[in-house]
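So the structure is just underneath, and the comments pick up after that.
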Amino acid sequence: MLFRSGNSTYSYWKLINTKGKNVGSYQFPQTIGADWVVEQFSSDNKLAKVCLAGSYGYVNTKGKMQIEAEYDDAGTFIDGKARVGRGSAYYFINTKGKQLSDEYSYARDFVEGYAAVKTLSGNWKFINSNCQDITEAKFDLVSDFKSGYAAVKVGGSYAIINTSGE
């Protein structure tokens, strides 16, 4: 659980358990202009994304930083993987912070086991949950998969593809 405490001069977030007891001693200061500082824990209840001084990292259920807040952008952990961005590079990491994929100019979170990634050359492609390509990098625009299908655009033409890239 997340708990927000504070007044007009100091506001912070901290972790509490379901009985309202503090978990860990870490406090997450509220950043001016930020709507949130700590997100909910991932679906496997292992890690929650945190924002500290404008950088993102991940805290575990014991209230300890498991992955330091060193990213400019970060997604939610899905099946043990999360997208992160630093500078102009995006890639996927595991729950230990180890890089699992190539670098991309942008990446989206996994949806239905697939993620849309924009290559350094500027085209989009899809990867599976093992960070392996399922399509070539040939799309100008893509949607996320929904019920096993995604919309793609190449030039002036649109199409619907399945999870095999057909």
Query raised in the report: How do the pairs read when you match residues in the range 144-166 that are basic (Lys, Arg) with residues anywhere that are open to solvent by 80 Å² or more (accessible area, probe 1.4 Å), using Cβ under 7 Å and keeping only pairs 6 or more apart or on different chains?
Result: Lys153/Leu141
Query raised in the report: Considering the range 19-54 alone, what residues qualify as being open to solvent by less than 40 Å² (accessible area, probe 1.4 Å) and either outside any loop (DSSP other than H, G, I, E, B) or modelled with pLDDT under 70 (or both)?
Result: Val23, Phe28, Ala34, Val37, Val38, Leu47, Ala48, Lys49, Val50, Cys51, Leu52
Report summary line: Looking across the range 79-101 at residues that are farther than 16 Å from Gln132 by Cα and part of a strand (DSSP E or B), the single one that is most open to solvent (accessible area, probe 1.4 Å) is Arg86
Query - Which numbered condition Tyr104 misses (of (1) touching a Leu at 6+ places or on another chain (Cβ under 8 Å); (2) open to solvent by 70 Å² or more (accessible area, probe 1.4 Å)) - result: (2)
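The values are calculated or read from the model by the stated rules, or taken from the named source; none is laboratory data. Note that this is a predicted model, so its numbers are computed, not measured. FYI the Cβ positions are ideal-geometry reconstructions off the backbone, even for glycines, and counts take in every protein chain you see. We work out accessible area using only protein heavy atoms, side chains counted, and drop any ligands, DNA or RNA first. Shrake-Rupley method; radii C 1.70, N 1.55, O 1.52, S 1.80 Å.
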